[in-house]
Amino acid sequence: MEVYEFSVPMALADFIPVFLFGAAAVLMQRDLYSKMPKYAFACLAAGSVDAFLAGFLKALWKLLYALGVCDFHVLNTMFLPTQSLGLLLTGLGLVLMLTQRKKAALAVAPPLFSGTFVFVCMMVLGLGAICASLSVLAVKMKKKGLIPVFILCFFCYMGMGYLASRDGSSAAMNWIEQGVNSLGQLLLFSGVLSLHRAGLRDKQL
């Protein structure tokens, strides 16, 4: 059994990017609800809730492990497939809103297997769609200065994905992962909050 160098402060810090993403997701849902076809909002809502819960449960696993309660490792192993599908649905919802398609594509869960390539591709596509769609909204809101924020956010996510593929048992690597993840989620939240304050909810797209 693999031994992880988790501490309680580290585990608690892991909740920070989770709640930053949750706050950004709530703002997006509130501001975009009236602008999205129902199927697009369903993708956005289901996907963002799914991604939030994936991050929350992984952080909970770390906390339980650090406290010596148990090693509920399934909360960690389910993180990648659960979050990748959630981010893909979130990005799909935003793209469907911007393109205003009449029919939504069916989102089908991939068959279970041991590889991670499909999940990584889903995550990259989802994150790319989220950041690209938010950049388009920034242009429509005459907030072009937010485009670098969303681009940097995307690269933080990609950096986080790379770091997650490394040795996840060391304390140093976990602190680095949390730092990059927190920065990416902070950028996402600040960008979405700026769009919210600029009146996205009342803007005719």
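Since every read-out is calculated from the coordinates, none of them should be taken as a lab result. Here the structure is a predicted model, which means the values were calculated and not measured. Virtual Cβ from ideal backbone geometry, glycine too; neighbours counted across all protein chains shown.
Under the criterion of Cα pairs below 8 Å and six or more residues apart, the relative contact order for the chain equals 29 percent.
Relative contact order of region 45-91: what whole-number percent is it, with Cα pairs under 8 angstrom and at least 6 residues apart? Relative contact order comes out at 59 percent. For the pair Val120 and Leu12, label points projected 7 Å from Cα toward Cβ lie 3.5 nm apart. Projecting label points 7 angstrom from Cα along Cα→Cβ for Val139 and Gln29 puts them 2.9 nm apart. The stretch between Tyr162 and Thr77, if pulled fully straight at 0.36 nm per residue, gains 28.9 nm over its current Cα-Cα span. Paramagnetic label reach from Met173 (point 7 Å along Cα→Cβ; backbone nitrogen cut-off under 12 Å): within region 1-38, residues 3-5. The ranking of Val26, Val149 from fewest to most other beta carbons within 10 Å of each one's beta carbon is Val26, Val149. Panel order for Asp31, Asp71, Asp14, by other beta carbons found within 10 Å of each beta carbon, from fewest to most: Asp71, Asp31, Asp14. Neighbours of Gln204 by Cβ distance under 14 Å: Lys/Arg scored +1, Asp/Glu scored -1, total +3. Seen from every direction in turn and averaged, the convex hull around the alpha carbons of the chain projects onto 11.2 nm². Residues considered: Gly126, Gly68, Gly184. Largest GNM mean-square fluctuation over the chain, using C-alpha springs under 10 Å, is found at Gly68.
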